[in-house]
Amino acid sequence: MPAVGNVLSKGSTFNLADQEVEMRDRIWRYLVAPHAYDWFGDVAVEFQRTRIVPMSNKPLNVRKYYDWLHSTRFESSRVRYSRVEEDAVADVGMVPQTFKAICAVIELDRQRGVASNAIAGLEDEVSLNAAKRHAENRDAINWFVRSLRHRYESYDYALNHLLVETPHEEAISLNDELNTLAVHVEMAERGDFCSDRGDDDRGRRGGIKSRYLMSEPDEGLYRK
């Protein structure tokens, strides 16, 4: 008898439910978002190759985004802060609907499990296909969660280094957006996709460490 992992790896023959189509589309749009194209493409390409793949244990390079920012010519050094903030805002904007879609699929898998256990006389193949689809859905969700963490850490790394390289007060509003994104990351990593918390909470529920930025002497110390 083949190992369970080998059997599951062949994929489910179930048709995709509407909820699964929606979730995959939302996750796909996040992975291939235009604002991340220049530096996040390696992850997206791997996802595109098979659409659903087991999550890799290979560490993701959080320096890649900053290296791209550093080497790209902008109109001024302040624009780099604006670019990071715009990217973080774009991510924050995509998260609530993606969470909602994931929540719907989690409930769908729960209902499948209940039906599979409660209905007598089902062929073994039906239960196996349900298990395969559950594994596929978890792989897609895990890709999203890992990518969300990677995006946040990349923005965080960039901000920390920009504060040393080209300090500007624009760091304050950027830091606010990263606090908001951090809330979503924390919710995703604990599997809290079905809660409305964090949608409009601008970082008051947690988030990244405070940063300090010294501006002109007469303006004193900026802190966030």
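The string of couplings for segment 124-135 from the Karplus curve (6.51, -1.76, 1.60, θ = phi - 60°) is 4, 4, 5, 5, 5, 5, 5, 5, 4, 5, 4, 5 Hz, one whole number per residue in order, with x for Gly and Pro.
Projected label points at Phe74 and Arg190, each 7 Å from Cα along the beta carbon direction, are separated by 3.3 nanometres. Taking 0.36 nm per residue of sequence separation and removing the Cα-Cα distance, the Ala90/Ser127 pair yields an extension gain of 9.4 nm.
Between Ala188, Val126, Asn175, the Cα set farthest toward the positive side of the dipole of segment 109-196 (charges on each charged residue's Cβ, about the Cα centre) is that of Val126.
None of the figures in this text is laboratory data; all of them are computed from the coordinates on show. Keep in mind it's a predicted model, so treat the numbers as computed, not measured. Neighbour counts run over all protein chains shown; Cβ positions are idealised from the backbone, glycine included.
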